[in-house]
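Just below is one structure, and these are the notes that go with it.
The values are calculated or read from the model by the stated rules, or taken from the named source; none is laboratory data. Remember, it's a predicted structure, so these values are computed and weren't measured experimentally. Methodologically, a virtual Cβ is constructed for each residue, glycine included, from the backbone with ideal geometry; neighbour enumeration extends over all protein chains shown. To get the accessible areas, we keep the full protein, side chains included, count just its heavy atoms, and leave off ligands, DNA and RNA. Shrake-Rupley method; radii C 1.70, N 1.55, O 1.52, S 1.80 Å.
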Amino acid sequence: MKKSLFLYYTFFLLFASAITHAQQIATGKHAMVVTEQRVASQVGIDILRAGGNAVDAAVAVGYALAVVNPCCGNIGGGGFMLIHLANGKNTVINFREKAPLKAKQNMFLDKNGNLIPDATTIGYLAVGVPGTVMGLNQALQKYGTMTRKQVMAPAIKLAKEGYRVTSFDAKWFSFYAPAFRKQANVAEIFLHDGKPWQAGDLFIQKDLGNTLSLIAEKGTEVFYKGNIAKKIVAASEKNGGILSMKDFANYSVEEMPPIQCSYHGYTIYSVPPPSSGGIAICEMLSVLQHFNLRQSGFHTAASVHDIVESMRYAFNDRNTRLADPDFVHNPITQLLSPSYINSIVTKIRNTKTIPHAGKRLHEHEQTDTTHYSIMDKHGNAVSVTYTINGFFGAKIIADHTGFFLNDTMDDFTAKPGTENKFDLVQQAINDVASHKRPLSSMSPTIVMKNNQPYMILGSPGGPRIITSVLLTLLNVIDYDFNILQAINLPRFHFQGSPDFIEIEPGAFTDVTTLQLKRMGYNIKQIHKWSAVEAILIDPQSKILYGANDNRRPDGAAIGY
Ligand code: GLY
């Protein structure tokens, strides 16, 4: 190794050992569950120990996170579950929300064609028809072994008997207290004598417990055709929304094959449209396979240049060429074809001056989602990312249902060429239409080596999901970091617009920063980051290594 590269590695390994001090890598001989909330990880591992498989555990964790991670875990939103079965089958359960039937292309514009402030993010117009309940229940019915009541029991108990508020909860309860105060039924649950709940408080959610009990007893129907749908529709009608009973009755979950690509001998599976995640990750990896990242070094100006430029092309394609496949053609084969990839590689190699997308250098508010990864003793692996979009979704709860509704309508292109809350500047292909699913960035991913699961990972963070999963893969495959280091090392992100590379503190050395600036890049340190929850399986020993991201210190990897 050249001296300069050696110094880089030494710097980052020291950094990595310092930041991994807070959380240990978890090991397991049989099974592993990693989530952002220790209590939810324990729920998953208990289900596995009780004889459930990875899908049983994934459904139990999905419902548990709806209780113990109220900002992001949910039954009022949607997402994607990627399943690898021990028999070799790989499949995706798409439970992404759909726009209401009455949704229209220009529904978020005023009569002058301007965006109506906050309409896509707050209140009932922001809400897509939730998919989580149908998605989890269908996954359980088709691939699980336990009953709905068995896997929902821990979530119901946590809601009715309470759980201890975490430091992460407390931070965001406090931040969003002004929003909670605006809705009496939200304030009743999420404020305590008018003040935010504190870390360590016992937080009981009776309404949510009753809703979950109803789902456990009566099944999917009660959510989509029964009392829960009725309450949401009534609240929507009362508050200027457009949700109808027909929306819920017509909602469907789809099963689809994953997106697949290879990178240095590994096979990557991730999710297809209506998420852009799988295609973007595969496009970037296919490009980067042509560059020797290992040789150019970890977070050197040379390697960052190649990675950032791959991000530029992937995000441009994401924002202009992808959307719900039930409505538009997604040119998947073309985007991942060798000729297209080669054309990007050639352009990157010839990039002498950095193209600038514009002068926009500001950024939007914090947003979130949640990811969890599970592997069972049979060799089944499940990777789930689901969301209500922003923290606490649209900041509304219908009546006494007890759960936040999503603001996923913001993931559509409300007006071509304008940015959404993730700063994504999307085009008309992803415009709002009746019953259409908005384009997502969620990227639950499973990496295979010699046809065996090698890594299970994913992240929250809107577009940062895509780049966080990418960097984690590069950290393991190209740079030989262990899984905990790989997820905890400071990250960078680039999506074309805003026109800067976002970095976490410590992501680049001064030398790298200086060289990148000389190349023409804008660089900005920001504080909103994703959190990768990952499992790595050692191909020889078969030991499972679980890693929870230090950015979510209340999370945990638990194995046995
Ligand atoms: N709601 C964020 C995403 O799906 O990308």
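Keeping to the range 428-444, report how many residues are under 23 Å from Thr320 (Cβ atoms), touching a Phe, Trp or Tyr at 6+ places or on another chain (Cβ under 8 Å) and not basic (Lys, Arg).
9
Given the criteria in contact with a helix residue (DSSP H, G or I) (Cβ under 6 Å, 6 or more places away or on another chain) and either open to solvent by 50 Å² or more (accessible area, probe 1.4 Å) or modelled with pLDDT of 95 or more (or both), does Ile281 qualify?
Yes, satisfied.
Do any residues in the range 489-518 that are at positive phi have Cβ atoms under 7 Å from those of residues that are open to solvent by less than 30 Å² (accessible area, probe 1.4 Å), where the two are at least six apart or on different chains, and which pairs are they?
Correct list of pairs: Gly496/Phe315; Gly506/Pro490.
Need the failing condition index for Ala547 against (1) assigned to a loop (DSSP other than H, G, I, E, B); (2) open to solvent by less than 10 Å² (accessible area, probe 1.4 Å); (3) in contact with a strand residue (DSSP E or B) (Cβ under 6 Å, 6 or more places away or on another chain), just the number.
(1)
Search the range 193-205 for residues that are within 13 Å of Phe180 (Cβ to Cβ) and pair each with any residue that is open to solvent by 40 Å² or more (accessible area, probe 1.4 Å) and not in a loop (DSSP other than H, G, I, E, B) when their beta-carbon atoms are under 6 Å apart and the residues are at least 6 apart or on different chains.
Pro196/Ser174
Has the range 384-394 got any residue that is open to solvent by 10 Å² or more (accessible area, probe 1.4 Å) and either in a loop (DSSP other than H, G, I, E, B) or among the hydroxyl-bearing types (Ser, Thr, Tyr) (or both)?
There is no residue in the range 384-394 that is open to solvent by 10 Å² or more (accessible area, probe 1.4 Å) and either in a loop (DSSP other than H, G, I, E, B) or among the hydroxyl-bearing types (Ser, Thr, Tyr) (or both).
Report whether or not Ile429 is within 16 Å of the ligand (Cβ to nearest atom) and modelled with pLDDT of 95 or more.
Here the answer is yes, as Ile429 does meet what is asked.
One line per residue, one yes/no per condition, for (1) over 25 Å from Gly241 (Cα atoms); (2) within 16 Å of the ligand (Cβ to nearest atom):
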position	(1), (2)
His329	yes, no
Lys352	yes, no
His356	yes, no
Thr370	yes, yes
Val382	yes, no
Ile388	no, yes
Thr401	no, no
Asn420	no, yes
Val425	yes, yes
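So, restricting to helices (runs of 4 or more DSSP H) that lie completely within the range 1-120, which ones have at least 3 residues that are at pLDDT below 95?
Those helices (runs of 4 or more DSSP H) span 3-19.
Give all pairs with beta carbons closer than 7 Å in which a residue from the range 409-424 that is under 22 Å from Gly78 (Cβ atoms) meets a residue that is near the ligand (Cβ under 9 Å from one of its atoms) and not in a loop (DSSP other than H, G, I, E, B); count only pairs at least 6 apart in sequence or on separate chains.
Sorted first by the residue in the range 409-424, then by its partner, the pairs are Asp411/Ser440; Asn420/Asp410; Asn420/Asp411; Lys421/Asp410; Phe422/Pro463; Leu424/Pro463.
Is the range 209-226 home to any residue that is surrounded by fewer than 16 Cβ atoms within 10 Å (Cβ to Cβ), touching a helix residue (DSSP H, G or I) at 6+ places or on another chain (Cβ under 6 Å), at pLDDT 95 or above and under 22 Å from Phe168 (Cα atoms)?
Scanning the range 209-226, I find no residue that is surrounded by fewer than 16 Cβ atoms within 10 Å (Cβ to Cβ), touching a helix residue (DSSP H, G or I) at 6+ places or on another chain (Cβ under 6 Å), at pLDDT 95 or above and under 22 Å from Phe168 (Cα atoms), so the answer is no.
Do we find that Ala314 is open to solvent by less than 60 Å² (accessible area, probe 1.4 Å) and part of a helix (DSSP H, G or I) in this structure?
When the stated conditions are applied, Ala314 passes them.
State whether one or more residues within the range 325-334 are open to solvent by less than 10 Å² (accessible area, probe 1.4 Å) and modelled with pLDDT of 95 or more.
Scanning the range 325-334, I find no residue that is open to solvent by less than 10 Å² (accessible area, probe 1.4 Å) and modelled with pLDDT of 95 or more, so the answer is no.
Only residues in the range 261-278 that are over 13 Å from Gln289 (Cβ atoms) and open to solvent by less than 20 Å² (accessible area, probe 1.4 Å) count as the first member; pair them with residues that are within 16 Å of the ligand (Cβ to nearest atom) and assigned to a helix (DSSP H, G or I), Cβ under 6 angstrom, at least 6 apart or cross-chain, and list the lot.
Pairs found: Ser270/Gly277; Ser270/Gly278; Ser270/Ile281; Val271/Gly277; Val271/Gly278; Pro272/Gly278; Ser276/Arg318; Gly277/Ile466.
Within the range 357-369, can one find any residue that is modelled with pLDDT of 90 or more and of a type in the set (Asp, Glu)?
no
Of the residues that sit in the range 487-534 and are among the β-branched types (Val, Ile, Thr) and open to solvent by less than 10 Å² (accessible area, probe 1.4 Å), which one is farthest from Thr369 (Cα to Cα)?
Thr512
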